[in-house]
Amino acid sequence: IEVTVGASVQRGQVLMVLEAMKMEHGVVATMSGHVRSIAAAVGTIVRAEQPLLFIEPTSQSAEAVDEVASYDLDTIRPDLAEVLLRHSNGLDESREAAVARRKKNGGRTARENIADLCDADSFIEYGALTVASQRHRRTLDELIEISPADGMVCGIGAVNSAIFEAERARCAVLAYDYTVFAGTQGYMNHKKKDRLFQLAEQWRLPIVAFAEGGGGRPGDDWTSPSALETDTFASFARLSGLVPLVGITAGRCFAGNAALLGCCDVIIATRNSNIGMGGPAMIEGGGLGVYKPEEVGPVSVQAPNGVIDIVVDDEAEATAIAKKYLSYFQGSITQWQCSDQHLLRQAIPENRVRVYDIRQLIATLADTDSVLELRAQFGIGMITALIRIEGRAIGVIANNPLHLGGAIDADGADKAARFMQLCDAFDIPLLSLCDTPGFMVGPEVEKTAQVRHVSRMFIVGANIKVPMFAIVLRKGYGLGAQAMTGGSFHAPLFTVAWPTGEFGAMGLEGAVRLGYRRELEAVTDPVEREALYKKMVAQAYQEGKGLNAASYFELDDVIDPMESRRWLVRGLKSLPPVERRGDKKRSFVDAW
């Protein structure tokens, strides 16, 4: 800025600009007046305290110049306009064609899912301005248009903050954008994931991953031929057991996307999902045939085989379920209701061989609308669910008498063992509702590696650190009953039975036939033999009734079914609060 001699100046006005260390500093007039002379010529070097110019003050008062007030605060400068334009290019409003294609297929955009998951105005995005690493083959303008955020939106927000305090509501979120290169994993969105996972580990943030996508992306500028040194999968897997990991998918989820999904504690999938460690291209490339995407890992396969925990109709329901699932790990709630507990007195039929609906029993016992069942279509002889009792989160394992009479098979044992790990990792107490004749037996069953699978229940149950409460609803027989109670009836904080409880080293009928075979065979008349058999079974039942077992202190008590919630609440209140120091309690939660 050149100042003219004799020019009028006002206090606060910039008169000259000095350059130092490549930065310009304005010289501001400290008074109003007229410039009498200039002491430093333009372009010369000046020293400390050297005069620059001389001002002759005026006697008239003048209003100081306010440089900020002279600006129009609504004016968008060119540098800001460029930033705002770049951000707007990635929003759904600027991508009408891509969004329309997504809507036509019945899906929601990545940003819509995040907006639905996170509480209003809580989400801050990381890497919004990234584009695909393909600058050797496309112009920057083209990449800005076709690859906003490099096909993955991620950041940190709040979930359920209206219910839980801010610290517990924090959550990291990532959502692949299927409208960008089919939601594939590119070089830049790998860097974004690594950044997010590091933050999740550092600040103990749960992660919700909308994982739909086609796996690794060919055509990017990778730093190595195969990119096998990428840390994404290791860093995500290390979070297992440290923070809750929730995976959601709708449509196609293959290869690398499926690998991340499979590391999650819970997988929520829409009915139109296809999940596979290899998609059609990889299958064909391996010489294994040509398949349509819909033929690879449909829900009809992945739900019964145990891959999917919860099947939903659409992404809106998936997001709602994710919020409900996270709530169990965010703390207790103060507002709750429950059914009339008198109903539990009639939940078990008086006929000891009549089946009943264990799911209805759990719903009656738990707080109203608090039951969230996991892996409902897999290992159907075992129920695993998260519930609340007076607002407190509890995990439930329960035998299902509608399948194999409640006997425990390999799938059921795997399901229970894995669920116990999950609850233990995040300090959720366990309730076991036992009604089992024991483990399944027989030559065909042993072909399923039953010995190894069922033993997982003993190993996991004996090593969990969260309290377990056990209620024997009806049958409590043999090793199966012990597996349902952490290895022993005295392992839980309490083991009680309902009046319908019956106990034995093996099923009553089988015990009578084996133990009294000689006596039964000695009776030649079939009618008399059957009468003797029923008499012996009735006698064995009386000896194995809960009241008799309790008299030997095999049980802690036999209770009125309607008192079950009271026992659970008293049990929870009798324990000291769990103090976590931020470290993992378990090394990881088994993916299976």
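The values are calculated or read from the model by the stated rules, or taken from the named source; none is laboratory data. Being a predicted model, the structure only gives us computed values, none of them experimental. Reconstructed Cβ throughout: ideal geometry from the backbone, glycine too, with neighbour counts over all protein chains shown. Areas reflect the complete protein model, heavy atoms only, side chains present, ligands, DNA and RNA absent. Shrake-Rupley method; radii C 1.70, N 1.55, O 1.52, S 1.80 Å.
Observations on the structure shown:
- Selection status of Glu49, at pLDDT 85 or above and assigned to a strand (DSSP E or B): no
- Candidate set: region 439-469, residues that are over 18 Å from Ile428 (Cβ atoms) and touching a strand residue (DSSP E or B) at 6+ places or on another chain (Cβ under 6 Å); chosen: the one least open to solvent (accessible area, probe 1.4 Å): Val454
- If you check Leu239, Leu245, Leu260, Leu196 for being open to solvent by less than 50 Å² (accessible area, probe 1.4 Å), more than 25 Å from Val311 (Cα to Cα) and not polar (S, T, N, Q), only one passes: Leu196.
- Test: residue in region 410-421 that is farther than 30 Å from Gln335 by Cβ and either of a type in the set (Lys, Arg) or part of a loop (DSSP other than H, G, I, E, B) (or both): yes
- Residue check, Leu261 part of a loop (DSSP other than H, G, I, E, B), aliphatic (A, V, I, L, M) and either touching a residue at least 60 places away in the same chain (Cβ under 8 Å) or within 16 Å of Met152 (Cβ to Cβ) (or both): no
- The residue that is modelled with the lowest pLDDT, among those in region 94-116 that are assigned to a loop (DSSP other than H, G, I, E, B) and open to solvent by less than 70 Å² (accessible area, probe 1.4 Å), is Gly106.
- The lone criterion from (1) touching a Lys or Arg at 6+ places or on another chain (Cβ under 7 Å); (2) open to solvent by less than 20 Å² (accessible area, probe 1.4 Å) left unmet by Pro293 is number (2).
- Subset of region 477-506 that is hydroxyl-bearing (Ser, Thr, Tyr) and buried (at least 19 other Cβ atoms within 10 Å of the Cβ) - its residue that is nearest to the chain's Cα centre (by Cα): Thr485
- Condition met for Ala316 (of a type in the set (Gly, Ala, Ser), surrounded by fewer than 17 Cβ atoms within 10 Å (Cβ to Cβ), under 30 Å from Thr109 (Cβ atoms) and within 19 Å of the chain's Cα centre (by Cα)): yes
- Matching residues in region 187-226 - criterion: being of a type in the set (S, T, N, Q) and within 17 Å of Ala259 (Cβ to Cβ): Asn189, Ser226
- Set side by side, the residues Val396, Val441, Val454 differ, and just one is without any contact (Cβ under 8 Å) to a residue 12 or more places away in the chain and among the hydrophobic types (A, V, I, L, M, F, W, C), which is Val441.
- Among the candidates Ala398, Ala393, residue that is in a strand (DSSP E or B), more than 20 Å from Gly476 (Cβ to Cβ) and at pLDDT 95 or above: Ala393
Yes or no, residue by residue, for (1) of a type in the set (A, V, I, L, M); (2) at pLDDT below 95; (3) within 18 Å of the chain's Cα centre (by Cα):
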position: Asp92; (1), (2), (3): no, yes, no
position: Cys118; (1), (2), (3): no, no, yes
position: Tyr126; (1), (2), (3): no, no, no
position: Gly157; (1), (2), (3): no, no, yes
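- Single residue of region 1-38 satisfying the filter (part of a loop (DSSP other than H, G, I, E, B) and in contact with a Leu (Cβ under 6 Å, 6 or more places away or on another chain)) that is least open to solvent (accessible area, probe 1.4 Å): Ala29
Yes/no per residue for (1) open to solvent by less than 30 Å² (accessible area, probe 1.4 Å); (2) out of contact with any Ser or Thr (no Cβ under 7 Å at 6 or more places or on another chain); (3) not in a strand (DSSP E or B):
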position: Asp119; (1), (2), (3): no, no, yes
position: Ser133; (1), (2), (3): yes, yes, yes
position: Arg137; (1), (2), (3): no, yes, yes
position: Glu142; (1), (2), (3): no, yes, yes
position: Glu145; (1), (2), (3): no, yes, yes
position: Asp150; (1), (2), (3): yes, no, yes
position: Val153; (1), (2), (3): yes, yes, no
position: Ile156; (1), (2), (3): no, yes, no
